[in-house]
Amino acid sequence: MKKRILLITLILFILTGCTTYLKDEENNVIKYEETGQNLPENIICKPTNKEILKIYNENKVDLKNLEECDEFKLTSGGYEGLWNSFFVKPLAWAILKVGTFVKNYGLSLIIVAFLIRLLLYPLTKGTTQQAQKMKSAKPEIDLIEKKYKGKTAQEEMMKKSQETMVVYKKYGINPLSSCLFAFLQLPLLFAFLEAINRVPAIFEESFLGLQLGTTPLTAILDKGQYYYILVIAVLAVVTVFSVKSNQTTVGDDTNKQMNFMNKFLYIFIPVISFSMSTALSLYWIASSSFTIFQSLIVKRSGKNEIKRI
């Protein structure tokens, strides 16, 4: 299973039409000084900000064939490969259409994130259900772990696995189902990143005083806008609760591995978010918040079923 996850991740990276950035004659990435953000070269619709538009024209970026962002269609630009045509462009189109309706692309980003998670709910709720079943099975799994603690013989390990699988079957647990959430999250995260980076209407926008195209690190260091730290704080909190709500392993050995991985995520994701666009942080906050609410709903609806086991 680990090999499959790695393979899928590599395929996604290969298929991804990565954002390219404007560079000057010395090969330095060109920034928009007002926000400190790096300006992408392969945008998929025209900028509206006059200063940003001027920068593109000065750097000889051909904008003639690009449509206005509020007129962007799924067919705009024609077929541009599997990744762009079936992931990035439809997502960008959805954000732009909802943004036109609600009059703000930051709010649109949050709404689209929730709508996508609602569509995926029939698939992702299985992961949350597994987490709840694992908690119910924990006492029995702990007894098996205690019974075989310190034993390393192959025959004993086989017996341990067999007894564990009996418990899994009793509670209707599928140990591999937790991988589904990761499979779904990866392409969505990459697609949101691409859509945010390559749609000027999104990275030009502001939401609740936060410039969507800039990063918290740039805002804090270059602009002295320390309130961006609130984005990191909220992101860190929802990350912790969303990861815990989908934790499914209960054995001693796997718990040690998962606890280490979870602690790594608790630190890694907030740290890396300093260099992510604020828009992408908003997506992560919205998606993780949905995960938490989904966990609460599944937990309540599943209480009666678990009690009958």
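The values are calculated or read from the model by the stated rules, or taken from the named source; none is laboratory data. Every value quoted in this text rests on a predicted model; they were computed, and no experiment measured them. Glycine also receives a Cβ, built like all others from the backbone with ideal geometry; neighbour counts cover every protein chain displayed. When the accessible area is computed, the model is the full protein with side chains, heavy atoms only, and any ligands, DNA or RNA have been set aside. Shrake-Rupley method; radii C 1.70, N 1.55, O 1.52, S 1.80 Å.
Quick notes on this structure:
- For the range 283-303, the set of residues classified as more than 17 Å from Leu118 (Cα to Cα), at pLDDT 70 or above and open to solvent by less than 70 Å² (accessible area, probe 1.4 Å) is empty.
- A single member of Lys223, Lys170 is surrounded by fewer than 20 Cβ atoms within 10 Å (Cβ to Cβ), more than 20 Å from the chain's Cα centre (by Cα) and at pLDDT below 80, and it is Lys170.
- Among residues of the range 213-234 that are at positive phi, none has a Cβ under 6 angstrom from a residue that is open to solvent by 20 Å² or more (accessible area, probe 1.4 Å) and modelled with pLDDT under 95 at a sequence gap of 6+ or on a separate chain.
- Pair list, Cβ under 8 Å, 6 or more apart: the range 147-175 residue more than 15 Å from Ala137 (Cβ to Cβ) and in contact (Cβ under 8 Å) with a residue 12 or more places away in the chain, other residue among the polar types (S, T, N, Q) and open to solvent by 60 Å² or more (accessible area, probe 1.4 Å): none
- Qualifying positions in the range 24-80 - touching a Cys at 6+ places or on another chain (Cβ under 6 Å) and either open to solvent by 70 Å² or more (accessible area, probe 1.4 Å) or without any contact (Cβ under 8 Å) to a residue 24 or more places away in the chain (or both): Leu66, Glu67
- Where Ile232 falls short, out of the listed (1) hydrophobic (A, V, I, L, M, F, W, C); (2) open to solvent by 50 Å² or more (accessible area, probe 1.4 Å); (3) modelled with pLDDT of 85 or more: (2)
- Considering Thr218, Thr214, Thr249, Thr239, the condition of being assigned to a loop (DSSP other than H, G, I, E, B), modelled with pLDDT of 85 or more and either more than 18 Å from Leu107 (Cα to Cα) or of a type outside the set (Phe, Trp, Tyr) (or both) is satisfied by Thr214 alone.
- Leu184 falls short on exactly one of the conditions (1) modelled with pLDDT of 75 or more; (2) part of a helix (DSSP H, G or I), and that condition is (1).
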